[in-house]
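Okay, so here's the structure we're looking at.
Just so you know, all these numbers are worked out from the coordinates, no wet-lab data involved. Source: prediction; values computed, not measured. Neighbour counts are summed over all protein chains in view; Cβ atoms, including those assigned to glycine, are modelled from backbone coordinates with ideal geometry.
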Amino acid sequence: MNVDSWRIRKAKLADADALASCIDAAYAQYAERISDLPPVSVGITEEIANHQVWVAVEDDEIIGGLFLIAHNEAMKLANVAVHPEHSGRGVGGELIALSEREAKRQGYIEMRLNTHIAMPENIRFYTRLGWKVVSTNGTTVSMTKRLADD
């Protein structure tokens, strides 16, 4: 998929370090306000090997990433991150749109994700894309989206 000067492709094991750097940059803005933020870029090589991972690439630079985990009942959007230097260009929206297409292609009718209560901008973003908050447990906000039949 090509959008202006960047494209999305499946991640390769060789992408692990660059993808980890991208994710660290994307989450750096939250580090000060979220004391219990988990280490979001740990285990990238294993994620690429064992789950569904895509990267957004521009001029051989990874500018975003998407992680999906297939479960029996729903596809989990485990992580989506865009390097802050590339925010506002539609990369995150395209990665999420890809996640929904992939989930539907694989036979899922529902997607789920968890985010942090101290990331209200992410909750608003997902809500605009049709996701609904289904529960809050401590600092974890769980969201779901039913996938429309097209």
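How far apart, in nm, are two points set 7 Å out from the Cα along the Cα-to-Cβ line at Asn137 and at Ile69?
1.3
In deg cm²/dmol, rounded to 500, what helix-only [θ] at 222 nm does the chain give when every DSSP H run of at least 4 residues adds -39500 (n - 2.57) and the total is split over its residues?
Working: 4 runs with 47 residues, N = 150.
After summing the helix terms and dividing by the residues of the chain, the value is -9500 deg cm²/dmol.
When Lys and Arg each count +1 and Asp and Glu each count -1, what net charge do the other residues less than 13 Å away from Pro120, Cβ to Cβ, add up to?
On the way: positive: Arg33, Arg124, Arg128; negative: Glu121.
Around Pro120, the charge tally is +2.
Test of the criteria: in region 8-97, which trypsin sites (Lys or Arg not before Pro) are in a DSSP loop and have at most 12 other Cβ atoms within 10 angstrom of their Cβ?
Values: sites: Arg9, Lys10, Lys12, Arg33, Lys76, Arg89; in loops: Lys12, Arg33, Arg89.
Counting only loop positions with at most 12 other Cβ atoms within 10 Å, the trypsin sites (Lys or Arg not before Pro) in region 8-97 are Lys12, Arg33.
Give the total of Lys-Lys pairs in the chain with Cα-Cα distances below 16 Å; include a pair only if its members are 8 or more places apart or on different chains.
Counting lysine pairs in the chain gives 5.
Dividing the Cα radius of gyration by the Kirkwood radius, what Rg/Rh value follows for region 65-111?
Working: Rg = 11.5 Å, Rh = 11.1 Å.
Radius of gyration over Kirkwood radius for region 65-111 works out to 1.03.
Can you give the Kirkwood hydrodynamic radius of region 2-146 from its Cα pairs, in Å with one decimal? Numbers along the way, then the final one.
On the way: mean 1/r = 0.0646 Å⁻¹.
Here the Kirkwood hydrodynamic radius works out to 15.5 Å.
Which is the longest stretch in the chain that no exposed loop site breaks, taking sites as GluC sites (Glu not before Pro) with a DSSP loop state and at most 11 other Cβ atoms within 10 Å?
Numbers: sites that count: Glu32, Glu73.
Here the longest run is 74-150.
Calculate the dipole size of the chain relative to its Cα centre from +1 charges on Lys and Arg beta carbons and -1 charges on Asp and Glu beta carbons; express the result in debye to the nearest 20.
640
When Rg is the radius of gyration of the Cα atoms in region 1-71 and Rh is its Kirkwood radius, what does Rg/Rh come to?
Working: Rg = 12.7 Å, Rh = 12.8 Å.
Ratio of gyration radius to Kirkwood radius: 0.99.
Specify the inter-centroid distance of region 100-124 and region 8-45, based on alpha-carbon positions, in whole Å.
Computed from Cα coordinates, the inter-centre distance equals 18 Å.
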